[in-house]
Amino acid sequence: LLQAEIFQEFAVQEESVTFRINLSVLLDCLTIFGTSSLPGASTALRMCYRGYGYPLTLFLEEGGVVTVCKINTQEPDELLDFDFCSTNVVNKIILQSEGLREAFAELDMTSEVLQITMSPDKPYFRLSTFGNAGSAHLDYPRDSDLMEAFHCNRTQTNRYKISLLKPSTKALALSCKVSIRTDAQGFLSLQYMIRNEDGQICFVEYYCCPDEDITEAEL
Amino acid sequence: GNVFDEFQMEGVASEHNEIYLELVPENLSRALKTAQSAKAVKIKLTNKHCPCLRVSVELPSLSSSSRIVTHDIPVGLIPRRLWNDFREPSVPDFDVSIYLPVLKTMKSVVERMKNLSNSIVIEANLSGEMNLKIETDLVSVTTHFKDLGNPPWASEDGCQSSAEGRDLESMAEARIDIKKLQQLLAGQQVNPTKALCNIVSKRIVHFILLHEDVSLQYFIPALA
């Protein structure tokens, strides 16, 4: 979620504009001048979209060199709507990201699932994996310095496919805070707060549904 | 001769004072890797059991006697009747000659473009402008370089040296294999003193990189 304030100039003529675009192509274009930024060198970007049927045009400039990219757009897919409503939230925790970074980096990837337990009682907040070598549990006490907010009403244990959550570690690495919320169905909402070099804030949101193979009886 | 402290060579014959050798580059590169912190390196062509390049590397050591590491690299001697196959291509009658942009920028751009396309178009004109272009079904990317400067070529025929009557803005272009260009750029570890390229429209791109007294030339043919 990038707010308009992040951009120096922001002009959109329609209420909302949606299109689908190849992500790796977009990334290659945005990093056309390389990924490591030299001290003093900055890349300027201008994005233009004329409307349906036109490509997304990127103008990038660094050190007097200009690159123009025209990326063809595609029909947008249906966006998955998890219907995650703030009013349905059962449990909510806000943690400082540095507390989770090491945990996520060391997650046992031989485990198919990441189990998240949130509770008003012990263990409060627990991450568990069940891999080839055995099970691993990581507990965060509610009075930990890393815990910014703790609002758990009911004990919930949910499992999520670890392959679906692993990509979120990139957002975790860049963020300063993360909010973890679950609703009555066990749907997970992860919101990462990222502060960029100018001090502006943007959010990355992940929604994940619980692994359906696990029945209540097993938990 | 400035690269070497000592240089002795006797060719095949007095009128053909050259020796043509063929070797596996990986072998020589591995031998030279040990020479990175060497006090001295000596290379000799020997013929004990078979022709070899003997690379002797004198390495620093804590004791008074120095350590010497020797690599024998097998080489093939190319007979004189085949020497014509290896003639250095002459500088082609190019349409445009232009100095290359900062290699670091060119390297970054070409590396990204390599992810998007198999071929790349290099175009340049006599007004110091060069464009690198790729175009596929998914995307088209063009990078524009300006104020690069064109080398002054003094030539026997009047055509190349005089720009009169030639459209300074018209572009000479060639489409080449992007991997070959990326390999050329990736191989540059040190900034050359001078780097330029000559383009023969739709035929060939000739790169010349000068490092002090050493020149590296690459000829990349245009794709059909």
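Each value in this text was obtained by applying a stated rule to the coordinates, not by laboratory testing. If you're wondering where the values come from, they're calculated on a predicted model, not measured in any experiment. Using ideal geometry, Cβ is built from the backbone for each residue, glycine included, and neighbour counts are taken over all protein chains shown.
Couple of notes before you dig in:
- Gain upon complete extension [residue B:48, residue B:217; 0.36 nm per residue less C-alpha separation]: 57.5 nm
- Residues of type lysines that residue B:44 reaches as a straight line, Cα spacing below 20 Å, ignoring anything fewer than 8 places off in the same chain: B:33
- Its Cα centre serving as origin, region B:21-85 has a Cβ charge dipole (Lys and Arg +1, Asp and Glu -1) of approximately 200 debye.
- The modelled label-to-label distance for the pair residue B:27/residue B:69, using points 7 Å beyond Cα in the direction of Cβ, is 1.8 nm.
- Chymotrypsin sites (Phe, Trp or Tyr not before Pro), loop per DSSP, at most 11 other Cβ atoms within 10 Å - longest free stretch of chain A: A:53-219
- Excluding exposed DSSP-loop chymotrypsin sites (Phe, Trp or Tyr not before Pro) (at most 15 other C-beta within 10 Å), longest clean stretch of chain B: B:8-152
- Taking the empirical scaling 2.2 N^0.38 Å for compact globular proteins as reference, region B:21-85 has a Cα radius of gyration ratio of 1.34.
- Across region B:21-85, the mean sequence separation of Cα contacts (distance under 8 Å, 6 or more residues apart), normalised by length, yields a relative contact order of 33 percent.
- Look at the Cα gyration tensor of chain A: its axes a ≥ b ≥ c give a/c of at least 1.5 with a/b over b/c, and that counts as prolate.
- Longest site-free stretch - chain A; sites: GluC sites (Glu not before Pro), DSSP loop, at most 15 other Cβ within 10 Å: A:113-196
- Only Lys, Arg (+1) and Asp, Glu (-1) charged, at Cβ; chain A dipole about Cα centre in debye: 240
- Geometric extent, Cα atoms of chain B - Rg, Dmax (angstrom): 21.7, 70
- Mean residue ellipticity at 222 nm, helices only, chain B: -4500 deg cm²/dmol; runs of at least 4 DSSP H residues each add -39,500 (n - 2.57), and the sum is divided by the number of residues.
- Check: the protein assembly as shown dipole with +1 on Lys, Arg Cβ and -1 on Asp, Glu Cβ, in debye: 1260
- Rh by Kirkwood over Cα pairs, then Stokes-Einstein D for the protein assembly as shown at 1.002 mPa s and 20 °C, µm²/s: 76
- Taking 17 Å as the straight-line reach from the Cα of residue A:177, the lysines in range (excluding those fewer than 8 positions away in the same chain) are A:92.
- Cα convex hull, region A:40-107: 248 Å³ per residue, rounded to a whole number.
- Contact order, relative form, for chain B: 15 percent (alpha carbon pairs under 8 Å, 6 or more residues apart, mean separation divided by residue count).
- Charge-dipole axis of the protein assembly as shown as Lys and Arg at +1 and Asp and Glu at -1 on Cβ define it, positive-most pick from B:150, A:119, A:54: B:150
- In summary, the aspartates and glutamates within cross-link reach of residue B:104, defined as a Cα separation below 18 angstrom excluding same-chain residues under 8 places away, comprise A:28, A:61, A:62, B:129, B:147.
- Helical segments meeting 15 Å axial Cα length and Kyte-Doolittle -1.0 threshold in chain B (DSSP H): B:103-116
- Taking the centroid of alpha carbons for each part, region A:113-173 and region B:8-81 are 62 Å apart.
- GNM remark for chain B: springs join alpha carbons under 10 Å apart, and the peak mean-square fluctuation among B:175, B:81, B:54 falls on B:81.
- Computed over region A:4-72, Kirkwood Rh from alpha-carbon pairs, angstrom: 13.5
- Members of B:39/B:180; A:70/B:107; B:146/B:180 lying beyond 27 Å, as alpha-carbon distances in this model show: B:39/B:180
- Simple label model, 7 Å out from Cα along Cβ direction - residue B:201 to residue A:139, nm: 7.8
- Highest-fluctuation residue, B:61, B:127, B:97 considered, GNM on chain B with Cα pairs under 10 Å: B:61
- Taking only the Cα atoms of region B:7-55, the radius of gyration and Dmax are 12.9, 39 Å.
- The relative contact order of chain A comes to 18 percent, based on Cα pairs under 8 Å that sit 6 or more residues apart.
- Debye intensity ratio I(q)/I(0), log10, region B:1-112, q values 0.16, 0.18, 0.20, 0.22 Å⁻¹ (C-alpha model): -1.01, -1.08, -1.14, -1.22
- Within chain A, A:48, A:85, A:152, A:176, A:202, A:208, A:209 have no other Cys Cβ under 4.7 Å of their Cβ and so lack a disulfide-compatible partner by this rule.
- Geometric descriptor of region A:40-163, per residue, is 218 Å³ (volume of the convex hull of the Cα atoms).
- Highest GNM mean-square fluctuation among A:153, A:196, A:22, for chain A modelled with Cα contacts below 10 Å: A:22.
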